[in-house]
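Trainee: This structure is in structure tokens; I'll ask about it shortly.
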Amino acid sequence: MTDRPDLAPDDDPDAPGCRDVAVITGVLLVAAIAFVAVGLSLINRDTCEGLCEVAGLTTLYAGGPISGILGVLYGGVHLAWPLDVTVWVIVGFWSARWAGRRGRNPWNVAATLVVVALVFGLVLSRFVELDLPH
């Protein structure tokens, strides 16, 4: 084992480790990018109705929660990716801090947050209807 230096008086012993923050934030950002890419490709098809519309909006809003809230408030599809990325970084840090204090596995926490994001996207997608030209 390696010797660790003593903590300085202003160091926080409960701070999350770099690995936990990197794992959770990385998984969340990769999932968000994948969800937004899948969602945009689905809703930009020539005919996207029914299940295609639900799946497209669900994945789009799961990857971009702020974009989803804007879509519900103002209708249609909005991309607020800088705000979405900021949300995922903040959620990643907070959840890593929570996981570190409770001894949770960061991979399990990240997977749980991805599932919660999908449920959040599904709920938001039910409030929005695409107006596609026929």
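Trainee: Give the residue that is surrounded by the most Cβ atoms within 10 Å (Cβ to Cβ), with candidates limited to residues of region 38-71 that are of a type in the set (Gly, Ala, Ser) and over 11 Å from Leu124 (Cβ atoms). Give the steps one after another, and end with the answer.
Mentor: Initially, region 38-71 is screened for residues of a type in the set (Gly, Ala, Ser), giving 39, 41, 50, 55-56, 62-64, 67-68, 71.
When the remaining residues are screened for being over 11 Å from Leu124 (Cβ atoms), the result is 39, 41, 50, 55-56, 63.
Details: Gly39: 25, Ser41: 13, Gly50: 8, Ala55: 18, Gly56: 22, Gly63: 28.
By that ranking, first place goes to Gly63.
Trainee: If you take the residues of region 91-104 that are surrounded by fewer than 22 Cβ atoms within 10 Å (Cβ to Cβ) and modelled with pLDDT of 90 or more, which of them is nearest to Gly64 (Cα to Cα)?
Mentor: Filtering region 91-104 for residues surrounded by fewer than 22 Cβ atoms within 10 Å (Cβ to Cβ) gives 91, 93-94, 97-98, 100-104.
Then keep just the ones that are modelled with pLDDT of 90 or more; that gives 91, 93-94.
Numbers: Val91: 13, Phe93: 17, Trp94: 18 Å.
So, considering only residues that are surrounded by fewer than 22 Cβ atoms within 10 Å (Cβ to Cβ) and modelled with pLDDT of 90 or more, the one nearest to Gly64 (Cα to Cα) is Val91.
Trainee: Now a separate question. Pairs, please: C-beta under 8 Å, at least 6 apart or cross-chain, first residue on the phi > 0 side of the Ramachandran plot and in region 56-80, second buried (at least 24 other Cβ atoms within 10 Å of the Cβ) and part of a helix (DSSP H, G or I)?
Mentor: Final answer for the pair search is none.
Trainee: Separate question: Can you tell me which residues in region 81-106 are free of Cβ contacts under 8 Å to residues at least 24 places away in the same chain and of a type in the set (Phe, Trp, Tyr)?
Mentor: The first filter runs over region 81-106 and keeps only residues free of Cβ contacts under 8 Å to residues at least 24 places away in the same chain, leaving 82-83, 86-87, 90, 94, 98, 102-105.
Hits for region 81-106 are Trp94, Trp98.
Trainee: Exactly one of these conditions fails for Phe35: (1) surrounded by fewer than 18 Cβ atoms within 10 Å (Cβ to Cβ); (2) touching a helix residue (DSSP H, G or I) at 6+ places or on another chain (Cβ under 7 Å); (3) hydrophobic (A, V, I, L, M, F, W, C); (4) under 17 Å from Val123 (Cβ atoms). Give me its number.
Mentor: Failed condition: (1).
Trainee: Next question, about the same structure. Before we move on, is Phe120 crowded, with 16+ Cβ neighbours inside 10 Å and either without any contact (Cβ under 8 Å) to a residue 24 or more places away in the chain or within 28 Å of Cys52 (Cβ to Cβ) (or both)? Please lay out each step first, then the result.
Mentor: On the way: crowded, with 16+ Cβ neighbours inside 10 Å: yes; either without any contact (Cβ under 8 Å) to a residue 24 or more places away in the chain or within 28 Å of Cys52 (Cβ to Cβ) (or both): yes.
Yes.
The values are calculated or read from the model by the stated rules, or taken from the named source; none is laboratory data. Source: prediction; values computed, not measured. Ideal geometry is used to build each Cβ from the backbone, glycine not excepted, and the neighbour counts take in all protein chains shown.
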